[in-house]
Amino acid sequence: MSKPNYRDIARQAGVGTATVERVLNGRGGVRPELVEKVIIAARSLDYPRTLPDTHRGLLRIEVLMVRPETTFYQRLSKAFERIAATLDPLVVVHRSFTEEMKPEEIARRILSTDLPRAGLILAVPSNPVIKAAVDKVVAQGLPVVHVVTRASDRSGEFVAIDNYAAGRTAALFIGRMARRQGSVVAICHPIYQVHRDRIRGFSEYFLEHAGASSFQWLGFGLDEEHISAELLASALKTYPDLAGLYNAGGANSALIDVLRRQAAKRDIFFVGHELTDYTRKALQDGIMDVVLDQAPEAQARRSLDLILRRIGLTDIEPDQAPIRFITITKEAL
């Protein structure tokens, strides 16, 4: 007899093959009762794969993120999906997005009891309402891990790069490698503590290494394309001697477009974050000089490892050191 396949299991369980695939690969989004049907059907057909006992119940790890339109969060979400496919089929990693500028909605999602959760992974901004929600669920015993940025500095574990060091690294590159001397400006999203940490490191480096180039101006781009573009266009007019630009957040594509249109002949040393199609092309074309990539795949792996350790599915204690960010130049592509 041939080995059973997804179609056989789906027929026996009375579900679609897509449901079978999601259950057996831990992709989430399947009701607990359907998960049980699929596991029982797979067992009855002697499906050639180790399957967990259904009496253990479904372990649901919820991942809540923002800004699904950005390449970085798309990479982070995809990383969670890939890692989930390697886990015990009854460990379901459910990924969803919410609006970053609606703290009450984020808090409601954190406090939700609609479905039982074994753990919660958050990639959302900090806000008093959000902090209070995190503190409450942690006090109730729910393991919480903050990834990329920290929503509460009191509760939950934190997985991220050393953002202060990233800011200092950006300043070091501009201070030592800028093609001319002059003013330096930066853009960030102020609602994120990690962005503020980057700017703090950036600013302190220039204070400690005074030279011909100096950090003159900070703009709040909110990671919005049109706002960031307008800020840079204004900075180009205000500082005709502009020598360096650091974007501590997103919206790199807008800044790249402005520099292509208005500053093709300017020698501006540009450092930004995250390797995307836009930043790769900008590196190749000489618009950008350095990209600091914060390795979302490694952050997803570490955050899931922490949750699995806290709920007792592994005895291995994950590394507590910050995730190493990756420095990328044109020559490294």
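The values are calculated or read from the model by the stated rules, or taken from the named source; none is laboratory data. No experiment lies behind these values; they were computed from the predicted model shown. Here the Cβ positions follow ideal geometry from the backbone for every residue, glycine too, while neighbour counts run over all protein chains shown. Accessible surface areas use protein heavy atoms only, side chains included; no ligands, DNA or RNA. Shrake-Rupley method; radii C 1.70, N 1.55, O 1.52, S 1.80 Å.
Please compare each pair in Lys78/Lys136; Lys78/Lys237; Lys131/Lys330; Lys3/Lys78 to a cut-off of 32 Å on the Cα-Cα distance and tell me which ones are over it. Beyond 32 Å: Lys78/Lys237; Lys131/Lys330.
A 1.4 Å probe run over the protein chains yields, for the chain, 46 Å² of accessible area per residue, whole-number rounding. Heavy-atom accessible area for Lys78, with the other protein chains in place and a 1.4 Å probe, reaches approximately 100 Å².
Percent of accessible area on the chain owned by carbon and sulfur, 1.4 Å probe? List each step's numbers first, then the result.
Values: 7770 of 15440 Å².
Solvent-exposed carbon and sulfur of the chain make up 50 percent of the total.
The Cβ shell under 10 Å around Ala118 holds other residues with a net charge of +2, Lys and Arg each +1, Asp and Glu each -1. Specify the angular offset, from 0 to 90 degrees and rounded to the nearest 10, of the alpha carbon long axis of helix 32-44 from the longest principal axis of the alpha carbons in the chain. With rounding to tens, the tilt is 60 degrees.
Taking other residues whose beta carbon is less than 11 angstrom from the beta carbon of Arg310, and scoring Lys, Arg as +1 and Asp, Glu as -1, yields -2.
Computed 3J(HN,Hα) for the stretch 209-222, one whole-Hz value per residue from the Karplus formula 6.51 cos²θ - 1.76 cosθ + 1.60 where θ = phi - 60°, is 10, 4, x, 5, 9, 9, 6, 9, 7, 10, x, 9, x, 6, glycine and proline marked x. With the biggest extent put first, the Cα atoms of the chain measure 74, 45, 34 Å across the principal axes. Every Cα-Cα pair in the stretch 145-229 was counted, and those over 20 Å apart are 41% of them. Given the stretch 191-306, report the % of alpha carbon pairs whose separation exceeds 17 Å. Of all Cα-Cα distances in the stretch 191-306, 59 percent exceed 17 Å.
Calculation over all alpha carbon pairs of the stretch 204-264 in 5 angstrom steps from 0 returns a P(r) of 4, 17, 29, 23, 16, 10, 2 percent. In order along the stretch 99-115, the phi-based Karplus estimate (6.51 cos²θ - 1.76 cosθ + 1.60, θ = phi - 60°) of 3J(HN,Hα) comes to 7, 5, 9, 10, x, 5, 5, 4, 4, 4, 5, 5, 7, 4, 10, 4, 10 Hz; Gly and Pro are listed as x. In degrees between 0 and 90, to the nearest 10, how far off the longest principal axis of the chain does helix 252-262 point, with axes built from Cα atoms? Orientation of helix 252-262: about 30 degrees from the principal axis.
Ellipticity at 222 nm from helices only: DSSP H runs of n ≥ 4 in the chain, each -39500 (n - 2.57), divided by the residue count, give -13500 deg cm²/dmol.
By the Cα gyration tensor, the stretch 240-333 has an equivalent ellipsoid whose semi-axes, rounded to whole angstrom, run 37, 11, 11 from largest to smallest.
Given a cut-off of under 8 Å on Cα pairs at least six residues apart, what relative contact order in percent is computed for the chain? Computed over the chain, the figure is 14 percent.
With the simple spin-label model, which puts each label point 7 Å out from Cα in the Cβ direction, the Lys237 to Arg43 separation comes to 7.1 nm. Rounded to the nearest whole Hz, the Karplus-based 3J(HN,Hα) values (6.51 cos²θ - 1.76 cosθ + 1.60, θ = phi - 60°) of the stretch 62-67 follow the sequence 9, 10, 10, 10, 10, 6, with x at glycine and proline. Each DSSP beta bridge with both residues in the chain is either parallel or antiparallel, and the antiparallel ones are about 10%.
Scaled to the globular estimate 2.2 N^0.38 Å, the Cα spread of the stretch 93-235, given as radius of gyration, is 1.27. The amide H of Ile161, built 1.01 Å from its N in the peptide plane, has Ile323 as neighbours under 5 Å, considering only residues 5 or more places off or on other chains. Close amide H contacts of Leu45 (hydrogens built in the peptide plane, cut-off under 5 Å, sequence separation of 5 or more or a different chain): none are found.
With K and R counted +1 and D and E -1, the other residues having a Cβ less than 9 Å from that of Phe269 yield a net charge of 0.
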